[in-house]
Number of protein chains: 2
Amino acid sequence: MTVAVYLPLDDKTQWWVDMLQSLLPGWSVEAMNAVTDPAAVEYAVVWRPRTGDMARFPNLKAIVSIGAGIDHVLSDEQLPAGVPIIRTVGDDLTQRMREYVALHVLRHHRDMPRQLRAQNESDWHAIVVPVAPQRTVGVMGLGNLGAAAARTLADLGFATRGWSKSAKTIEGVTTFAGPDQFDAFLSGCEILVNLLPMTSQTSGILNADLFGKLAKDACIINCARGGHLVDDDLLAALESGTIKQATLDVFHVEPLPADHAFWRNPAITVTPHVASQIDAGTGGRIIAANLETFESTGTCADLADAVRGY
Amino acid sequence: MTVAVYLPLDDKTQWWVDMLQSLLPGWSVEAMNAVTDPAAVEYAVVWRPRTGDMARFPNLKAIVSIGAGIDHVLSDEQLPAGVPIIRTVGDDLTQRMREYVALHVLRHHRDMPRQLRAQNESDWHAIVVPVAPQRTVGVMGLGNLGAAAARTLADLGFATRGWSKSAKTIEGVTTFAGPDQFDAFLSGCEILVNLLPMTSQTSGILNADLFGKLAKDACIINCARGGHLVDDDLLAALESGTIKQATLDVFHVEPLPADHAFWRNPAITVTPHVASQIDAGTGGRIIAANLETFESTGTCADLADAVRGY
């Protein structure tokens, strides 16, 4: 079996090629740009493939997304129809997302941005906030990552809500489902975490309309996709005070361009898409196992639904 | 019954006087500085009383510390012998400490100080750290607050250790006890949280000797008492790289003097004794209930051990 690997950075691609080759000794793992016989390629392992990359391989059995989302694969207009897409999920990624969400919800809850500004001025300025059980936090999206994040926040003591397309039950979390319950979910939310999949229905969901429905001085954490957020609406909401602070891990263009207003807005914390970054070690083991399972059985547990979009 | 209240700030004292008076309608609650009949005072409710404050009241039945520690009461050289001391603890304080410890352990774990410096330079600099189960975190002191903090860290996924004077069992936490197991506890610790009581044995315990026994690049979080830390040893350890970062909530002198080196050290985060700050609302209810219980029964569950020191 031949596997072609593509990531936007050449050195990262080589890192993944070497890792997967060591885990799949009987297979041939190649950098996509170095493939000489496209007809031999049966699997593609990709992050943000370029338009037409997949169409080059007539005998593709499956595409592996290096990540939980598949939007970056589906956005290829020349994507061959009907090729199964395998997501990469696992305990490691879920653990990393739990950490990220807990860290940033707690940062906003205890107003660390304000506390650090006080330190810069050698100012003994005590910020006394409500305890977590008196703080309402909402998680949008209750898939693997969102459900784990919501449970973690509930365990930390927050009054935790979750919202998803279809109804879910999570211990310690008040859940809402579908468009009809969206406003009820948003109403009173003081810290909102976005972990929705990126689809045509969720694109631009973090917009002025949504911001206006949250509690006063609400904070936003986006660790899903840059396309969920309307950048200018966030900047306006921070300017007007509708939103107090935001932490953003994902952006319309990544890396975030050096001249983007987000970098220097004191109410925004920028992290460089690290919330739940896969490393080639852990991610490689998950992907190699999925490839071997798919090759021998024709399916695997992490198969995505291309129609649903996640 | 007459209750005399003292805190270092007059306006805070009045806030507590008003709150306690509203909760104890049959009692007389007075600011200590306004007491005209010292012989009538049966209870003192204090934070950092001055030397000799307690000795003024010949008929004192009990002293209430506005906080979990009683070191600030015991440090009065003229403290009358044998007067019971009641600590102030409760779910609210435990919850606040859990939040603080989780927040700051996660901040150091994900290296937020470095991440924020990258943002200041519009630098898309991804910091990839081990997942929490591969990160060893130690909690010194396993009383109410320490045990709850350790459990919270274990729930977040960290490889969590605890150390206390006498042996304790905490689910999900590897525990060590006594001087004999102290070095084994410290060895390999990457993030160390101090929640020990302040006693003659624990004074200055966060010193060069201890720092040298931790893992390389270890981080320190002190949310117990300023006297636990040898300030100059920490500054030297940060300078030499023995310690990577520190978060300090407590100090030898509070408020931390504006010219103290801690304020402007980029490797130190200063918070103004807010880890588990009592507010007059919640704290007042706990104290009023303890006073009523002590008055009617002669004891209460939160009685401290003056010999042990906590």
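The values are calculated or read from the model by the stated rules, or taken from the named source; none is laboratory data. Just so it is clear, the structure is predicted and the values come from calculations on it, not from any experiment. Every residue, glycine among them, receives a Cβ derived from its backbone with ideal geometry; neighbour counts consider all protein chains shown.
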Testing residue A:158 on (1) within 23 Å of residue B:274 (Cα to Cα); (2) of a type in the set (A, V, I, L, M, F, W, C); (3) out of contact with any strand residue (DSSP E or B) (no Cβ under 7 Å at 6 or more places or on another chain), one condition comes back false. Which one is that? (3)
Would you check if residue A:212 is assigned by TED's automatic domain parsing to the domain that holds residue A:96, modelled with pLDDT of 95 or more and on the phi > 0 side of the Ramachandran plot? no
Restricting to the range A:139-152, and then to whatever is under 26 Å from residue B:149 (Cβ atoms) and more than 11 Å from chain B (Cβ to nearest Cβ), can you tell me which residue is surrounded by the fewest Cβ atoms within 10 Å (Cβ to Cβ)? A:147
For the range B:126-152, what are the residues that are over 30 Å from residue A:250 (Cα atoms) and among the aliphatic types (A, V, I, L, M)? B:139, B:140, B:142, B:145, B:147, B:148, B:149, B:150
By residue number, the members of the range B:187-201 that are without any contact (Cβ under 8 Å) to a residue 60 or more places away in the chain and within 20 Å of the chain's Cα centre (by Cα) are B:192, B:194, B:196, B:201
Can you tell me which of (1) without any contact (Cβ under 8 Å) to a residue 60 or more places away in the chain; (2) within 20 Å of residue B:75 (Cβ to Cβ) is the one residue B:233 doesn't meet? (2)
One residue is enough: does the range A:33-51 have a residue meeting the conditions within 23 Å of the chain's Cα centre (by Cα) and within 14 Å of residue A:292 (Cα to Cα)? yes
Which of the residues spanning the range B:69-105 are facing another protein chain (nearest Cβ under 7 Å), charged (D, E, K, R) and free of Cβ contacts under 8 Å to residues at least 40 places away in the same chain? B:99
Could you identify the single residue in A:270, A:250, A:274, A:307 that is among the β-branched types (Val, Ile, Thr), touching a helix residue (DSSP H, G or I) at 6+ places or on another chain (Cβ under 8 Å) and more than 10 Å from chain B (Cβ to nearest Cβ)? A:250
I'd like to know if the range B:106-120 contains one or more residues that are under 19 Å from residue B:172 (Cβ atoms), touching a helix residue (DSSP H, G or I) at 6+ places or on another chain (Cβ under 6 Å), more than 7 Å from chain A (Cβ to nearest Cβ) and at pLDDT 95 or above. no
Qualifying residue in the range B:64-75 (condition: at pLDDT below 95, crowded, with 20+ Cβ neighbours inside 10 Å and in contact with a Phe, Trp or Tyr (Cβ under 6 Å, 6 or more places away or on another chain)): yes
Within the range A:121-132, work out how many residues are within 8 Å of chain B (Cβ to nearest Cβ), of a type outside the set (Gly, Ala, Ser), farther than 25 Å from residue B:259 by Cβ and surrounded by 15 or more Cβ atoms within 10 Å (Cβ to Cβ). 1
Having 2 or more residues that are assigned by TED's automatic domain parsing to the domain that holds residue A:213 and within 17 Å of the chain's Cα centre (by Cα) is the bar; report the helices (runs of 4 or more DSSP H) wholly within the range A:77-179 that clear it. A:91-109, A:144-155
Of everything in the range B:191-209, what is surrounded by fewer than 22 Cβ atoms within 10 Å (Cβ to Cβ) and at negative phi? Give them in sequence order. B:199, B:200, B:201, B:202, B:203, B:205, B:207, B:208, B:209
